[in-house]
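The values are calculated or read from the model by the stated rules, or taken from the named source; none is laboratory data. What you see is a predicted model, and the numbers here were worked out from it, not measured in a lab. FYI the Cβ positions are ideal-geometry reconstructions off the backbone, even for glycines, and counts take in every protein chain you see.
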């Protein structure tokens with residue numbers, strides 16, 4: 001397996017682990033390597049940078065790391081890898097991009113001497129991404145390649161599905177499929193196939209209209225999409241993964257934008273969640289600023305002009321809207337906001353690859369053509385990508401695995417087992 005692919009799975013799995021209360025202890029090497037990579041990606045930018053300690057603490061909090069207990073460990077880990085250097089008041093970070101961060105994640109994972117079920121989790125993720133795999137075949141593969149007994153294999157696959165390492169569809173052992181939900185294919189996932197095959201001719205026509213609009217514009221306001229499809233069909237297509245919904249939130253509530261899965265996946269490895277999620281957030285924020293902001297606050301006239309300027313390294317602004325619409329991207333260190341006079345801000349892009357990805361999506365057609373009617377504008381305070389909606393519907397069970405329980409009790413009893 002290529003190093004970057006392995007690193008991407010580590011980050012992917014680490015995020016799933018964080019959402020399950022017992023998983024960090026079960027998958028400690030995956031948890032550590034993924035969190036270290038996440039922190040490094042947030043600390044770094046395209047060029048070498050220096051950050052004050054107070055900034056580092058804020059970045060750690062934005063990454064959901066405890067600044068007292070977890071941050072010192074990861075700073076020490078990254079320093080030992082010579083990826084950062086520290087002084088009394090600041091840290092220096094080498095220039096980073098997604099590829100080298102993922103390589104470092106793989107190295108950190110390997111050096112942590114992971115347990116066999118952690119290595120198996122990475123292999124399972126890759127296996128279920130080549131094509132959906134029958135649960136019975138997955139059992140044979142894991143048992144044969146990782147020398148697990150039947151009980152341990154069943155336990156491992158149960159936890160893998162619960163934590164979210166793979167998605168699962170089926171109602172019995174004989175017809176259950178494991179698959180990567182980020183790689184939706186019409187003929188690959190039973191649930192999606194049932195939804196699409198059950199569409200009436202009228203519904204198919206509506207979906208064709210939405211797909212055509214999205215291919216032209218790259219991003220469509222969810223309310224407009226729902227008006228075309230109707231609420232029932234819209235919900236079914238979201239659940240099936242045919243349409244992806246990205247939500248930005250502000251004082252006026254949630255504002256959702258729809259994209260096609262392929263609009264991003266065809267430009268990047270679909271495992272690198274952070275890169276394309278932040279590109280989606282940037283697309284949504286720009287669309288928001290273009291359609292909802294009054295001209296007096298800095299309404300965007302041309303998205304491609306803005307992105308080209310940012311990608312070339314220019315600082316744009318000042319404008320009032322810049323200080324309001326990009327806060328989430330500022331927290332993720334995709335952009336840097338620079339205060340100007342009269343409550344206005346300038347903006348600089350720190351991670352060029354995210355701007356380049358957003359530009360590719362938006363310039364596949366005329367992004368300015370989609371008229372959006374929405375609530376009054378207000379500062380964007382959060383962003384949720386499509387994975388957030390999937391996580392909300394997944395049953396988050398937290399029963400630890402049999403092996404994990406055995407290991408803890410065995411250690412507490414001086415190695416005498418249970």
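Residues in the stretch 211-219: is at least one within 24 Å of residue 180 (Cα to Cα) and at pLDDT 80 or above? Yes.
Pick out the one residue from 128, 134, 188 that is in the same structural domain as residue 25 (by TED's automatic domain parsing), farther than 17 Å from residue 23 by Cα, modelled with pLDDT under 95 and out of contact with any helix residue (DSSP H, G or I) (no Cβ under 9 Å at 6 or more places or on another chain). Quick ask: steps written out before the conclusion?
On the way: 128 fails: out of contact with any helix residue (DSSP H, G or I) (no Cβ under 9 Å at 6 or more places or on another chain); 188 fails: in the same structural domain as residue 25 (by TED's automatic domain parsing).
Every option except 134 fails the conditions.
With respect to the conditions (1) part of a helix (DSSP H, G or I); (2) within 27 Å of residue 357 (Cβ to Cβ), residue 120 falls short on a single one, namely (2). Evaluated against (1) in a helix (DSSP H, G or I); (2) at pLDDT 85 or above; (3) in contact with a strand residue (DSSP E or B) (Cβ under 9 Å, 6 or more places away or on another chain), residue 338 falls short on exactly one condition, (1). Taking (1) in contact with a helix residue (DSSP H, G or I) (Cβ under 8 Å, 6 or more places away or on another chain); (2) surrounded by fewer than 21 Cβ atoms within 10 Å (Cβ to Cβ); (3) at pLDDT 90 or above in turn, residue 80 satisfies each apart from (1).
In the stretch 123-159, how many are in a helix (DSSP H, G or I) and over 12 Å from residue 180 (Cα atoms)? Show your work before the answer.
Initially, the stretch 123-159 is screened for residues in a helix (DSSP H, G or I), giving 123-130, 135-146, 150-159.
Narrowing the set further to residues that are over 12 Å from residue 180 (Cα atoms) leaves 123, 135-146, 150-159.
Residues that pass the stated criteria total 23.
Put simply, of 232, 254 the only residue that is over 17 Å from residue 357 (Cα atoms), modelled with pLDDT of 65 or more and either part of a helix (DSSP H, G or I) or touching a helix residue (DSSP H, G or I) at 6+ places or on another chain (Cβ under 8 Å) (or both) is 232. Applying the set (1) in a helix (DSSP H, G or I); (2) closer than 27 Å to residue 122 by Cβ; (3) free of Cβ contacts under 8 Å to residues at least 60 places away in the same chain to residue 61 leaves exactly one unmet item: (2).
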